[in-house]
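Handing you this structure, nothing more for now.
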């Protein structure tokens, strides 16, 4: 079974951009160093966040639900998207303040998300066979 058949329908047809590749690489290295230097790591939280990120950004995003959300997103506008992000941040902050969550769990959740995105960017580049903006110089 080839990579192309596994991810068919999961990933966008467009190749990742250099910005996406560079930011993903830097974030992955930074979070890997954080985990490496950490005394306690919640591997369950890391694995769960990784799995949820890959599922939501991969197959779920390309499902009929994901397509409907993408169609409605432009109608929301930037203010609604910014408000949604702000509400999510406030919800996380209130949850952390209300329920005592160990720092190792929070770090592991963030790391799992970053690693999930990194895997999807690598799969997207492998699936499309290129990175947007990468051109081969051919001798004339």
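If you line up the long axis of helix 103-128 against the longest principal axis of the chain, both from Cα atoms, how many degrees apart are they, to the nearest 10?
The two axes meet at around 10 degrees.
Hey, another quick one. Would you mind checking the tilt of helix 43-55 against the longest principal axis of the Cα atoms of the chain, expressed as 0 to 90 degrees and rounded to 10?
For helix 43-55, the angle is close to 40 degrees.
Oh, and also: Quick one: Cα convex hull volume of the stretch 65-108, Å³ per residue?
97 Å³
So what is the relative contact order for the stretch 13-127, in percent, with contacts set as C-alpha pairs under 8 Å and at least six apart?
Once divided by the residue count of the stretch 13-127, the mean separation gives 60 percent.
May I ask for the angle, rounded to the nearest 10°, between helix 64-98 and the longest principal axis of the chain, with both axes built from Cα atoms and the value confined to 0 to 90°?
30 degrees
Dividing the alpha-carbon Rg of the stretch 13-127 by 2.2 N^0.38 Å yields what? Mind dumping the intermediate values first?
Working: Rg = 15.9 Å, N = 115, 2.2 N^0.38 = 13.4 Å.
For the stretch 13-127, the normalised Cα radius of gyration comes out at 1.19.
I need 109, 26, 76 ordered by Cβ neighbour count within 10 Å, fewest first.
By the 10 Å Cβ count, ascending: 26, 76, 109.
Please list, by residue number, everything in the stretch 23-58 whose backbone N is under 14 Å from a paramagnetic label point 7 Å out along Cα→Cβ of residue 95.
45-46, 48-50, 52-53
Values quoted throughout were computed directly from the atomic coordinates according to the rules given, and no laboratory measurement underlies them. Given the structure is predicted, the values throughout are model-derived calculations rather than measurements. A quick note on method: Cβ atoms are made from the backbone with ideal geometry, for glycine too, and the neighbour counts reach across all protein chains shown.
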